[in-house]
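Notes for the one structure printed next.
The values are calculated or read from the model by the stated rules, or taken from the named source; none is laboratory data. Quick caveat, the model's predicted, so the values are computed rather than measured. Positions of Cβ are backbone-derived with ideal geometry, glycine not excepted, and every protein chain shown enters the neighbour counts.
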Amino acid sequence: MSSPSAEEYEAAGLYDPSAPDADDRLRLLGWLQAMGVTVDELRSALDYGALSSVASDRWLVPGERLRRDDAIERSGLDPEAYDAYVTALGYEPIQGAPDGEVGITEAEIDLLASMEVLTGLFERDEALSLVRVIGSALARIAEATISLFLADVESAHVRQGGSEFELAQTVYEAVQLIEDLGARLDPALRRHMLQAAERTRATTIDAVERFQYRYAVGFVDLVGFTTISRDMSAEDLSAFVGRFERTAHEVVSGAGARVVKLIGDEVMFVDPDPNAAVDAGRALIDTFSSMGDGVLPRGGMAYGSVVLRGGDYYGSVVNIASRLADAAVPGELLVTTGIAEATDCEFEPAGRRMLKGFDAPITVLALPG
């Protein structure tokens, strides 16, 4: 089948021969059409501002978007299980999906069907909990990848006056890099699973129930961040957050502890060894204190029994550590007596504090400044 003519592109609202970039647009349309993109798809992409990424979008999730009933039949799952897995994975409707439906593709059918294997190991509710963690982690990886590409590659291309056709080629070439990424990530996943197994074996309190573990938990946040962020440009704020995240991971890992998550301007970290956790807390306070930028760190730490669920940590020890961070003054790291008694570190008495959510005051100590 021959390619549409310039006149046909113009009639479809895809091409304006009088536009300054008319030649570039025509090259882009011809390139996309040669890749099998239909005029209807081009119009749809133009309507939602994604003409330069339509080729990469098709490559990321190729194939027909199936109706729910067809996908259920092909997966062999019962409707309730199918819907539960789709929801747990965080799937949303994508371009080309039937109206009001997610639009599962053939390539995703095997994935959904394989989720049922988890019920051979776990109760269904527990299996769904794990699938939610997987979906959340994949969504975060995807968001981080796309936002970095837009900020570091696409925006730079636009600022430098790059053409629409060149941008489309750049986007398409970029998504090719994820080919076989899953297989290449397999060794890293296996290592993280071994590390998690070793941590939990070393910290298990109840060998039967396997719910409670003994950890040192810490929080460090930045006082003044909210104030300075109001006056930052989007570019400056992005750079600041990137520097904060990078520094937090480097400092905590360098001390032998582990970052659990970053929440805005706050980092949560843990370690089975209270000494390593205190080293991480001290290093965070020292490092962020020297960064300038109009912010100062403060932190809180506690040690004891925690509940480990879905890759996160819960319980009064976690809550106390968080509240101590809130109660600390800039430059201060407050800890519980549990931390002080379990480490070789020197601390100074810091009185008793009433913490939000706790009925009685808690005796706290501070790391010497």
Evaluation of Asp83 against (1) over 26 Å from Val260 (Cα atoms); (2) of a type in the set (Asp, Glu); (3) within 20 Å of the chain's Cα centre (by Cα) (one fails), failing number: (3)
Cross-chain or 6+ apart pairs with Cβ under 6 Å, the stretch 103-115 first and without any contact (Cβ under 8 Å) to a residue 60 or more places away in the chain and over 9 Å from Leu89 (Cβ atoms), then assigned to a helix (DSSP H, G or I) and not basic (Lys, Arg): Ile104/Ala71; Ile109/Ser75; Ala113/Ser75
In the stretch 20-38, the residues that are surrounded by fewer than 16 Cβ atoms within 10 Å (Cβ to Cβ) and over 17 Å from Glu166 (Cα atoms): Gly36, Thr38
Residues within the stretch 154-165 that are free of Cβ contacts under 8 Å to residues at least 24 places away in the same chain and acidic (Asp, Glu), tallied: 1
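State all residues of the stretch 107-122 that are crowded, with 16+ Cβ neighbours inside 10 Å and closer than 21 Å to Ser53 by Cβ; if no residue qualifies, say none.
Glu108
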Check on Ile72, touching a helix residue (DSSP H, G or I) at 6+ places or on another chain (Cβ under 9 Å) and part of a helix (DSSP H, G or I): yes
Selection within the stretch 21-59 - aromatic (Phe, Trp, Tyr) and without any contact (Cβ under 8 Å) to a residue 60 or more places away in the chain: Tyr48
Pick from the stretch 29-69, criterion of a type in the set (Lys, Arg) and in a helix (DSSP H, G or I), ranking: modelled with the lowest pLDDT: Arg58
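Let's see how each residue does on (1) in contact with a His (Cβ under 8 Å, 6 or more places away or on another chain); (2) closer than 27 Å to Arg309 by Cα; (3) surrounded by fewer than 13 Cβ atoms within 10 Å (Cβ to Cβ); (4) not hydroxyl-bearing (Ser, Thr, Tyr):
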position: Tyr213; (1), (2), (3), (4): no, yes, no, no
position: Ala248; (1), (2), (3), (4): no, yes, no, yes
position: Ala255; (1), (2), (3), (4): no, yes, no, yes
position: Gly264; (1), (2), (3), (4): no, yes, yes, yes
position: Val267; (1), (2), (3), (4): no, yes, no, yes
position: Asp273; (1), (2), (3), (4): no, yes, no, yes
position: Ala280; (1), (2), (3), (4): no, yes, no, yes
position: Phe288; (1), (2), (3), (4): no, no, no, yes
Qualifying residue in the stretch 343-350 (condition: among the β-branched types (Val, Ile, Thr), surrounded by 14 or more Cβ atoms within 10 Å (Cβ to Cβ) and in the same structural domain as Ala257 (by TED's automatic domain parsing)): yes
Some residue of the stretch 96-106 being in a helix (DSSP H, G or I) and either buried (at least 18 other Cβ atoms within 10 Å of the Cβ) or at pLDDT below 95 (or both): yes
Wholly within the stretch 210-313, helices (runs of 4 or more DSSP H) carrying at least 2 residues that are closer than 21 Å to Ala197 by Cα: 234-254, 274-289
Search result, residues across the stretch 130-161 that are loosely packed, with under 15 Cβ neighbours inside 10 Å and either in contact with a strand residue (DSSP E or B) (Cβ under 8 Å, 6 or more places away or on another chain) or closer than 20 Å to Asp23 by Cβ (or both): Val158, Gln160, Gly161
Failed criterion for Val61 (all others in (1) under 30 Å from Glu126 (Cα atoms); (2) of a type in the set (A, V, I, L, M, F, W, C); (3) outside the structural domain of Arg140 (by TED's automatic domain parsing); (4) more than 27 Å from the chain's Cα centre (by Cα) hold): (4)
Candidate set from the stretch 314-338 (those that are assigned to a helix (DSSP H, G or I) and among the aliphatic types (A, V, I, L, M)); member that is surrounded by the most Cβ atoms within 10 Å (Cβ to Cβ): Ala321
